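The values are calculated or read from the model by the stated rules, or taken from the named source; none is laboratory data. For clarity, every value in this text was computed on a predicted model and none was experimentally measured. Note: ideal-geometry Cβ built from the backbone for every residue, glycine included; neighbour counts use all protein chains shown.
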Amino acid sequence: MKHIFKIVAILVAISAIWVGLLETSTVPRSCAWLLPIYLVVALGCYGLFMVGFGLMFFPTCPQEAVLLQQDIVEAKELLGKKGVDVGSE
């Protein structure tokens with residue numbers, strides 16, 4: 001629930017800044033109307049960058065791979081004892 005309040009607070013703050021920019025002459029009105037679109041595009045670019053960065057430097061976990069293979073073997077043995085055909089291996 002705290003996360004929702006945090007997001008709502010950020011959205012309210014951004015909306016207040018945007019309305020403030022619309023009311024003042026700091027930023028031309030023609031540019032101020034496009035600021036929400038620029039914000040959405042910028043957040044999308046940031047998200048794509050973070051996903052790409054995470055994929056480039058994704059850590060390999062050899063210990064976890066070994067543990068997963070052991071779990072698979074144990075599950076196949078257990079299911080085999082119960083009469084379930086789980087494959088040729």
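May I ask you to verify whether E89 is at pLDDT below 85, of a type outside the set (A, V, I, L, M, F, W, C) and surrounded by 10 or more Cβ atoms within 10 Å (Cβ to Cβ)? Walk me through how you get there before you give the answer.
Details: at pLDDT below 85: yes; of a type outside the set (A, V, I, L, M, F, W, C): yes; surrounded by 10 or more Cβ atoms within 10 Å (Cβ to Cβ): no.
So E89 does not fit the description; no.
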Contact list, first residue from segment 61-89 and in a helix (DSSP H, G or I), second anywhere and loosely packed, with under 10 Cβ neighbours inside 10 Å, beta-carbon distance below 8 Å, six or more apart or interchain, is K76/G87; K76/E89
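Within segment 25-83, restricting attention to residues that are among the hydroxyl-bearing types (S, T, Y) and more than 23 Å from I10 (Cα to Cα), which residue is nearest to the chain's Cα centre (by Cα)?
Within segment 25-83, the first condition is being among the hydroxyl-bearing types (S, T, Y), and the residues that meet it are 25-26, 30, 38, 46, 60.
Now narrow it down to the ones that are more than 23 Å from I10 (Cα to Cα): 25, 30, 60.
Details: S25: 36, S30: 32, T60: 20 Å.
Ranking the qualifying residues of segment 25-83, first place goes to T60.
Does segment 28-35 contain at least one residue that is of a type in the set (K, R) and either modelled with pLDDT under 90 or part of a loop (DSSP other than H, G, I, E, B) (or both)?
Keep residues of segment 28-35 that are of a type in the set (K, R), which gives 29.
From what's left, either modelled with pLDDT under 90 or part of a loop (DSSP other than H, G, I, E, B) (or both): 29.
Yes, some residue in segment 28-35 is of a type in the set (K, R) and either modelled with pLDDT under 90 or part of a loop (DSSP other than H, G, I, E, B) (or both).
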